[in-house]
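Worksheet: the structure to be examined is printed underneath.
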Protein chains: 2
Amino acid sequence: MIETPYLLFLGDAPDALSAKVAQGIKDWRPDNCVGQFRMDGCKADMKLPDMTLEEAKAAGAKTLVIGVANRGGKISQGWKKVLVAALEEGFDLASGLHNLLRNERDLVEVAKSCGRSLHDVRIPEVEYPIASGEKRSGKRVLAVGTDCSVGKMYTTLALDAAMRERGMKSTFRATGQTGILITGEGVPLDAVIADFMAGSIEWLTPDNDPDHWDVIEGQGSLFHASFSGVSLALIHGGAPDALILCHEPTRSHMRGLPTYSLPTLEDVRDLSLQLARVVNSGCQAAGISINTQHMNDAEAKSYLAEVEKRMGLPAVDPYRHGAERLAEALEAL
Amino acid sequence: MIETPYLLFLGDAPDALSAKVAQGIKDWRPDNCVGQFRMDGCKADMKLPDMTLEEAKAAGAKTLVIGVANRGGKISQGWKKVLVAALEEGFDLASGLHNLLRNERDLVEVAKSCGRSLHDVRIPEVEYPIASGEKRSGKRVLAVGTDCSVGKMYTTLALDAAMRERGMKSTFRATGQTGILITGEGVPLDAVIADFMAGSIEWLTPDNDPDHWDVIEGQGSLFHASFSGVSLALIHGGAPDALILCHEPTRSHMRGLPTYSLPTLEDVRDLSLQLARVVNSGCQAAGISINTQHMNDAEAKSYLAEVEKRMGLPAVDPYRHGAERLAEALEAL
């Protein structure tokens with residue numbers, strides 16, 4: 001678990017897109033952010049107060065989060081000076097970069113001598129159990145997709161926000177590195193050892209109040225040859241009561257698999273429900289989330305109406321229209 | 001890859017069952033075994049020549065394989081003297097024990113100074129790729145089961161032997177530790193990082209002759225809440241042309257999951273085919289392997305006849321009756 005609140009480190013981000021992790025934290029957990037730290041030439045801006053390390057410390061920040069990715073996921077020498085100073089100032093560091101903080105000897109030494117923690121959210125910090133398959137109290141909803149990167153994280157973050165807005169008890173459960181940095185905790189499922197995948201998701205979504213919902217970030221797709229095993233472990237470990245089906249309609253093939261076409265939403269619904277019902281016989285499809293970023297307003301509206309009619313489930317683009325109707329559908333279950 | 005042939009280390013095995021890894025090697029790869037090494041009090045016997053380290057070395061043995069498991073998977077102090085002497089004599093060591101050779105400092109030091117290798121087959125020794133989903137040449141058959149531990153390894157070893165007996169081109173592909181020790185190579189799939197599971201199986205079953213069969217050891221079950229993700233990665237990474245359905249009919253619940261009943265063979269056939277056809281549209285169910293160890297001869301015979309009639313596929317217990325008819329079914333595909 002990463003200590004909040006954060007100072008967001010934007011480094012020398014060459015553009016806004018390279019700071020999308022910081023943007024995600026700012027968008028979804030603004031209360032976790034006391035300010036931003038930018039180096040010379042930084043082209044990203046979270047519209048947070050620019051702070052020195054000392055100012056951020058005084059404002060209560062506990063962790064400096066690397067909210068920027070540079071080419072190759074490297075920890076550049078230019079950043080090192082700031083990172084070392086942050087440790088000396090009393091900050092923990094958190095990173096989702098491919099290159100790990102723990103492999104940078106200088107950072108490890110300074111962290112040790114200052115008694116600070118280095119969080120590499122790509123790597124599990126917990127020894128997860130083997131899944132027991134036992135029923136837990138509380139409710140769970142999982143995003144499942146026709147493909148990777150169709151908007152499952154966005155959907156679940158928006159759904160969690162909409163549910164809390166309605167006064168429902170809800171917790172977003174991160175299963176990927178960006179989600180973990182946003183919330184400060186979660187399971188980096190793609191880095192978990194095969195035998196413990198489902199168990200890690202049971203661990204992430206323990207017994208809870210009967211009217212509490214875990215909103216579980218999905219990963220991959222049952223129909224994606226590279227990552228389907230991860231998706232199935234999420235279904236069997238999460239034991240969802242409800243599924244949100246996620247889709248990006250303009251994609252011509254599965255991400256990274258040029259010869260594979262996408263399954264239909266019906267395929268995903270039927271197969272996901274069949275598998276989910278092995279562990280939770282009451283699982284239902286509750287709604288549909290469509291990523292319409294490559295459509296204009298009219299196209300999006302007409303596509304959503306068509307899907308909603310065809311599938312008999314509320315269909316929304318949570319980015320364009322919010323996730324209210326999905327939250328409503330869960331409340332009605 | 002573990003160098004063959006082996007000297008099988010039986011240690012102070014308290015009974016025959018504790019040496020079942022050695023028994024598997026002896027049964028399936030007798031040519032890999034030059035002899036056995038037994039300590040005082042050893043109650044197991046592979047009916048191989050008892051040899052000293054020197055004799056085994058002279059007979060050509062390259063690796064001392066720990067073919068025995070003791071309580072807790074520990075490497076006992078009693079064994080250490082032999083293991084150290086074996087390294088000094090020029091043997092590599094191979095083990096599937098829970099406690100790793102590489103974590104025993106004395107063994108690591110001696111191995112290093114003698115230039116020998118320590119193989120812990122529970123741990124991957126390869127950096128596997130992400131699965132590409134691309135079609136490979138050659139054919140593949142995978143064992144899928146209603147549950148864990150229903151006889152998938154035995155089935156695939158017997159099938160591979162029967163295919164080679166018929167003059168077919170066939171290679172057993174190990175995906176678990178015992179299978180890896182038997183053949184000297186394979187993927188310890190339960191220990192692979194989630195994102196690389198399917199890729200590790202593609203790596204294990206590369207392009208081959210058009211008439212060559214990879215006979216892939218199955219793991220877990222799509223219907224087993226703890227390990228289903230591993231099973232799906234095998235299906236999508238293996239891209240099988242044919243499936244052998246494996247079942248143990250007297251089991252009252254899923255292994256380790258007391259509240260879960262077993263799926264039917266029809267359930268396993270239909271779901272496995274649907275998922276396999278995502279990557280290989282021609283995949284077919286070719287035969288059925290029933291583990292009848294808890295039935296008498298008459299019960300086994302009648303059960304197999306009933307299943308064969310019901311499913312329209314050859315149904316055998318390869319332990320009792322051999323895997324000939326499964327090999328025949330693959331040849332006819």
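Just so you know, all these numbers are worked out from the coordinates, no wet-lab data involved. Predicted model only: the values in this text are computed from it and were never measured. With ideal geometry, Cβ positions are generated from the backbone for all residues, glycine too; neighbour counts draw on all protein chains shown.
Side notes on the structure shown:
- In this structure, the residue pairs whose Cα-Cα separation is over 21 Å, taken from A:LYS20/A:LYS57; A:LYS74/A:LYS152; A:LYS43/A:LYS80, are A:LYS20/A:LYS57; A:LYS74/A:LYS152.
- For the protein assembly as shown, the C-alpha radius of gyration sits at 1.05 times the compact-globule guess of 2.2 N^0.38 Å, with N the residue count.
- Inter-copy label distances at A:ASN103, shortest first and taken from points set 7 Å along Cα to Cβ: 2.3 nm.
- If the chain linking A:ALA59 and A:GLU266 were pulled fully straight, counting 0.36 nm for each residue of separation and taking away their Cα-Cα distance, it would gain 69.5 nm.
- Tilt relative to chain B, helix B:297-311 - C-alpha long axis, 0 to 90 degrees, to 10: 50 degrees
- The eigenvalues of the Cα gyration tensor, multiplied by 5 and square-rooted, give chain A an equivalent ellipsoid with semi-axes of 35, 22, 19 Å from largest to smallest.
- Selected from A:HIS224, A:HIS98, A:HIS119 as most flexible by GNM, with chain A as the system and alpha-carbon contacts under 10 Å: A:HIS98
- In terms of other Cβ atoms within 10 Å, B:VAL126, A:VAL34, A:VAL187, B:VAL268 run from fewest to most in the order B:VAL126, A:VAL34, B:VAL268, A:VAL187.
- Prolate/oblate/rounded call for region B:103-226, Cα gyration tensor, a/c under 1.5 rounded: prolate
- Of the residues A:LYS62, A:LYS20, A:LYS135, the one that moves most in a GNM of chain A with alpha-carbon contacts below 10 Å is A:LYS135.
- Per-residue [θ]222 nm for chain B (sum of -39500 (n - 2.57) over DSSP H runs n ≥ 4, rounded to 500): -10500 deg cm²/dmol
- Least to most buried among B:CYS114, B:CYS283, A:CYS246 (fewest other Cβ within 10 Å first): B:CYS114, B:CYS283, A:CYS246
- Rounded to 10°, Cα long-axis angle of helix B:152-165 versus longest principal axis of chain B: 90 degrees
- Residue-span extension gain [A:ALA298 to A:GLN274] - 0.36 nm each, minus C-alpha spacing: 5.2 nm
- Distance from the alpha carbon centroid of region B:94-112 to that of region A:80-106 works out to 33 angstrom.
- For A:ALA59, inter-copy label distances in nm, listed shortest first [label point 7 Å out on the Cα-Cβ vector]: 7.5
- Overall form of region A:1-118 per C-alpha gyration tensor (a/c, 1.5; a/b vs b/c): oblate
- Förster-model FRET efficiency, 51 Å R0, A:GLN77 and B:ASP45, C-beta, rounded to 0.05: 0.20
- For chain A, with +1 on Lys and Arg beta carbons and -1 on Asp and Glu, the positive-most of A:PHE172, A:ALA131, A:LEU97 along the dipole: A:LEU97
- Between copies, A:PRO129 shows label-point distances of 3.9 nm, shortest first, with the point placed 7 angstrom from Cα along Cα to C-beta.
- Dipole magnitude (debye, nearest 20) for chain A, charges at Cβ of Lys, Arg, Asp, Glu: 360 debye
- Dipole axis of region B:236-304 (+1 Lys, Arg; -1 Asp, Glu on Cβ), positive-most option in B:ASN291, B:PRO258, B:HIS247: B:PRO258
- Here the residues B:ASP195, A:ASP12, ranked from fewest to most Cβ neighbours within 10 Å of their Cβ, fall in the order A:ASP12, B:ASP195.
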